[in-house]
Amino acid sequence: MKKIKRALLLLTVFSMLAAVISGCGADTKDAADADGKITVSVGLWPDKDTEPKSYERMENLRTSFMEENPDINIVPDTWKFDIQTFMPKAEAGTLPTIYRAFFTEASKIMEFGYAADITDAIKENGYYGKMNDYLYSNISKNDRVYLLPYEMYSLGLLINMNLFREAGLVNENDEPIIPKTFEELRETAKTIHEKTGKAGFVFPTAENGGGWNFMPLAWSYGTTFMEQKDGNWVSTFNSESCTDALKLLRDMKWEDDSLPANTKVNNEEVIKLIGTDQAAMAFAHPGQLNSLVNSYGMDRNDIALAQMPSGPEKHVTLMGGSFYVIEPNATKEQINAALKWIEFTGFSPDIDDEGKERYRQTMETKREQDADIIGIFDITVWNEKATSQSFKRELTNEFRNIPEKNVKSYNDNKENIEYQVEEPVCAQDLYSVLDRCIQEVLTNKNADCATILETANSDFQNNFLDYEN
Amino acid sequence: MNLFANMDRGILTTADMKQKKYKILYLIMFLFLLVYCAVCFFPVVWILLSGFKDVKEMYAVPASFLPHKLELSKLVKVWTEMKFYKYYISTFTMALGSVAADVIVCGLAGYSLSRLKPKGTKLILAVLFWIMLMPGTMRTVPLYMIFTDFPHLHFDMSNSFWPIWIMAAANVFDIILFKNFFDGISKALIEAAQVDGAGNLQIFFRIILPLSVPIFMTVSIFAFNGSVGQYFWPYLLISKQNLTVLGVQLFNLKSSPYTMDYQMLALLFSILPQVIVFAIFQKKIIGGVNVGGVKG
Amino acid sequence: MPAKAGKKPKFNLIRKNCSAWALILPAVVCVYFVVLRPQITGTIWSFFNMRGYKVGEFVGLDNYRRVIADTMFAKTVGNTFRYVFWSIIIGFPIPVILAVVLNEVVHFRNGFRFWVYFPSALPSVAVMTLWFLMYYPDRGGLLNLALSKFGLDPYVWLQDPKHTVMFIVISMTWNSCGATAIYYFAALQGVNRELYEAALMDGAGFMRRFRSVTFPHMSGVMLLFLIRQIIGVFSIMEQPLQMTDGGPNGASTSLGLLAYKYGFVSVRPQLALAVGVIMFLILIVFTCFYFYLNKKVEDNQ
């Protein structure tokens, strides 16, 4: 009797411990499973419950891919890149074979060795040499390529047509009258505020969004944020040009009152303000526009995207994007299988008839689902040597669901503007420093832009850059 | 009838109330409480009313506290559109698991430390006491590292409620609370049971448990309320949609794609569990504060 | 306890200890992993470099040097003390007054107690969201709505860098002071009635009775709560994280929030640990004082 009780007790304790341990067992994965298949786990897989449509599409793709390639086993993984879960996963070796990350993290990922060397693989399959030249410096280290750019974006000027119409800022063809320079942007914002009472322009200030949006503005005023002198990084934005850029925001807030009353806004809230007709203009890239339709129910006729205005020194915009990474422990077979899968999903410089058909089907589903905005051309990964480019452009035109006049300015002017990637070191830290500058300028009427930037510049040098040298 | 017949607790006595200045003082205090209570509940009422406005109405000039119309269907709409039932399910899973972990683990430990006193009890009690003293300011990062990559065994507990439950089980305060309570239970009863040949577990379940219903209730209610409302660790550790809890949903609310009226009704749905628990157990909760349920 | 006749006492002792330990074991394991280990490793790792969350090489005091040299550090320390200051000014006296008044007023006593406690029954994340919406800087916010009723312009509330800390403390006080007041209220039940009667005999008025009887009775508990509040507010992190994200321009960044940002936003956990240790050292002084006092108060009662 007693023995049984004691055994029961021990059992309880051990089962509790066992539950703790087994309940959260790590996924173990092998390069090849029992029947000799090559296993490739794919991150960013859509969640069955919350994104049923994309989930179904990806599952279909997976089935047909595995039918065509019986030696490859594709394992879905819903993990998507975020900096907090990334490092622990990378260290524990539980990253999916393929995942996607953002350009801001490129240098960190390569430096810490969290990406496999794919140079030989992409030379073999012909990707190498078909990517736009300005990309290579961002995806390679010591002449070896580690990252495969997936999608590129560049910032433009997002316009709420409702408020533009209300302020009389459209021509007889219902095309928006687009500000070409930042001075014109200020005037336009002022007009909108006077005519409609709403904010003419909204600029993010929180969660590093402010710094991120401030880049193209300051660049076009001629600012350089950092330079490498004798191998040491020196912060250089305590300049007159940067002060002028910051002054623009200050004047719009305190002289024109054309920014929103709420000065703590992150990127998501910027879109919300545009989507609910509370603000007329903001910087945005095409990827941010879908939620205007999906979450805020905006009519596509009321959305416009224009080219970034030009500044006194330059006409430049910020370019960024995401790239595929193959996890560092992947075998050569896994790398090749992973690239095969990537190509199968429709990502490749060249396109055959089958690929064309699949792409058309994707577009058809997209049109049916009516969720995305189709018809905006962003900058691309591939250069003119890639045959898929013109095909995709044609097809996009065919399936367009946003009026061409609304996005003409963004689509057509790809040559007269420079594309600059984010700063090479401590970009996120720079953004957080700049966030604070912008917050100060927008909350303190008597703020002195030059002093603020002087402090910020030395803060950035002292708190961050000094540790990179 | 004397309005002030039973003034026996405070500084003022029934006799005082015959004087005019004390009547005025009493009135002032009464009004002060009335105003204070209004400050306590008015924000919630405002949230409820504003939730029924649409966004344009919120910015209308002149502004009004009352919405144009009270459409109760909007509540249903927010509930279904924001999929609150999902958050409720995951939140209750998390909270009930925490309560169970807290009560079972701390209760058993408290019982053992109080009644069985195995060798080493003094040491354990001393350690627990010192742990209570120590501010937890530097534990967050190492704890996060333990949960995402368990030392030596290398498994990842993120995206599950295990970290939350383990933290609930490691409630040093409740262990001591239980121990102190069990210390107060008469020894004679237990010894009598021992003479009858009852084992430790039997004594625990047959004698201790029925006598300790009040302490278990108090600890459970406070553990439940504390757990339902937490967001920090779930926010750090859980990214899976179907495990998102109310607290995290609330934390993300302001940058969510929902407009302000939706946010307000969502806020109400999120505090509903605690409000109900409070309404039912108010005596227990208000009394329980004195057992030591106050947060630091 | 007497060993049963007929069995070996020694075996019995081990057996008894085993099952007793088994009951404690789960708690000890949990406490070890949740409290002890992080506490110890956290201190040790603050002297190491880290890559992501992987512990690297020993660097001595470098992390501390970097944290203290960070230009935000001094400002953050100042802000943290500002939180403590405002919580003493606002959050400390209100519960005391509330408790005394609650104890005097005999009408609707239960109703009053219910509503006074009500905000404390809400989770802090909900209260912060509630106040975030009340403080909303344009016309949508409750406080600006109230201002507009008086014909005043909207105010930016949390986004005024000069007062943002105070506004956060007000919302925290709203949240927590009910529970504290109820605690004081309970303490007031223990006042010896005879002392009041004696004071009454001397012809003491309300204020004198309060000063000579009520206040001395409560002062020990009040002091305890004051220190407890200082300890709590000193490590404040969740409230500014949710309401202001530390802004505008760092005006509401506390040491706790700074550590959070190091640890989870810019992913330099070694710096978060260093900040944590610095906070720990400051707080341990307060804590020791608290327990010294606690013992004294308990001895008195």
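Each reported figure results from applying straightforward, stated rules to the coordinates on display, with no laboratory input. Given the structure is predicted, the values throughout are model-derived calculations rather than measurements. When we count neighbours, we look across all protein chains shown, and the Cβ atoms used for this are built from the backbone with ideal geometry, even at glycine.
Annotations for the structure displayed:
- Neighbour-count ranking [beta-carbon atoms within 10 angstrom, fewest first] of A:H315, B:H68: B:H68, A:H315
- Amide proton proximity set for A:S41, modelled H, under 5 Å, gap of 5+: A:V75, A:T97, A:I98
- Sequence-distant residues sharing a close amide H with A:V170 (under 5 Å, placed H): A:I177
- Residue by residue along C:245-255, Cβ atoms of other protein chains within 10 Å of the local Cβ number 6 on average.
- Distance between the modelled labels on C:S148 and C:R211, one decimal in nanometres: 4.9 nm (7 Å Cα→Cβ projection).
- Fewest-first ordering of C:T287, C:T244 by other beta carbons within 10 Å of each residue's beta carbon gives C:T287, C:T244.
- Taking chain B as a Gaussian network of alpha-carbon nodes connected by springs under 10 Å, the highest mean-square fluctuation of the residues B:I215, B:I286, B:I238 belongs to B:I286.
- Within the listed set B:T244, B:T91, B:T14, the Gaussian network model of chain B (springs between alpha-carbon atoms below 10 Å) gives the highest mean-square fluctuation for B:T14.
- Distance histogram in 5 Å bins (all Cα pairs of chain B, percent per bin): 1, 4, 8, 10, 12, 12, 11, 11, 9, 9, 6, 4, 2, 1, 0, 0, 0
- Spin-label model, A:K123/A:T396: points 7 Å from Cα along the beta carbon direction are separated by 3.2 nm.
- Cα-projected label distance for B:L70 with A:K53, points at 7 Å along beta-carbon direction, nm: 3.8 nm
- Shape analysis of chain C places it in the oblate category; the axes a ≥ b ≥ c from the Cα gyration tensor give an a/c of at least 1.5, with a/b not above b/c.
- Candidates B:M17, B:L48, B:S73 compared by Cα position along the dipole of the stretch B:16-73: farthest toward the positive end lies B:M17, with charges placed on Cβ.
- Order of C:S120, B:S239 - criterion: other Cβ atoms within 10 Å of each residue's Cβ, fewest first: B:S239, C:S120
- Pairwise FRET efficiency - B:L34 versus A:E364, Cβ, R0 = 56 Å, nearest 0.05: 0.30
- Per-residue 3J(HN,Hα) values for the stretch B:239-251, derived from phi via the Karplus relation 6.51 cos²θ - 1.76 cosθ + 1.60 with θ = phi - 60°, read 10, 5, 4, 6, 10, 5, 9, 4, x, 5, 4, 5, 4 Hz in sequence order (x marks Gly and Pro).
- The protein assembly as shown: calculated mean residue ellipticity at 222 nm from DSSP helix runs of at least 4, using -39500 (n - 2.57): -17500 deg cm²/dmol
- 10 Å Cβ neighbours from other chains, averaged over peptide C:102-111: 6
- Pairs spanning more than 28 Å between alpha-carbon atoms, out of B:K254/C:K149; A:K340/C:K261; A:K445/C:K75; B:K86/C:K54: A:K340/C:K261; B:K86/C:K54.
- Measuring nothing but how far apart in sequence close Cα pairs (under 8 Å, 6+ apart) lie, relative to its length, chain A scores a relative contact order of 22 percent.
- Candidates C:T41, C:G52, C:F85 compared by Cα position along the dipole of the stretch C:1-152: farthest toward the positive end lies C:T41, with charges placed on Cβ.
- The GluC sites (Glu not before Pro) of the stretch A:377-469 meeting both criteria, a DSSP state outside H, G, I, E and B (loop) and at most 14 other C-beta atoms within 10 angstrom of the site's C-beta, are A:E384, A:E415, A:E468.
- Given B:K83/B:K283; A:K89/A:K332; B:K74/B:K283; A:K190/A:K272; A:K80/A:K408, the pairs whose alpha carbons are separated by over 24 Å: B:K83/B:K283; B:K74/B:K283; A:K80/A:K408
- Dipole of chain A, positive direction: furthest Cα of A:N173, A:L147, A:T387, with charges on the beta-carbon: A:L147
- If you run the Gaussian network model on chain C, springs between alpha carbon atoms under 10 Å, then out of C:N63, C:N49, C:N110 the most flexible one is C:N110.
- Placing R0 at 51 angstrom, the Cβ-Cβ distance between B:A100 and A:T455 gives a FRET efficiency of 0.45 after rounding to 0.05.
- With Cα atoms, 0 to 90° folded angle of helix A:209-220 axis to chain A main axis: 50 degrees
- Sites excluded, trypsin sites (Lys or Arg not before Pro) in DSSP loops with at most 10 other C-beta within 10 Å, longest stretch of chain C: C:8-161
- Shape of the protein assembly as shown, Cα gyration tensor, a/c cut at 1.5: oblate
- Of the beta bridges in chain A, as assigned by DSSP with both residues counted there, near 70 percent are antiparallel.
- Amide hydrogen neighbours beyond the local backbone of A:G156, cut-off 5 Å, H modeled: A:A284, A:H285
- A Förster distance of 41 Å, applied to the separation of the beta-carbon atoms of C:E57 and C:Y292, puts the FRET efficiency at 0.55.
- Inter-chain Cβ neighbour count for B:219-228, averaged per residue, equals 1 (cutoff 10 Å, partner chain atoms only).
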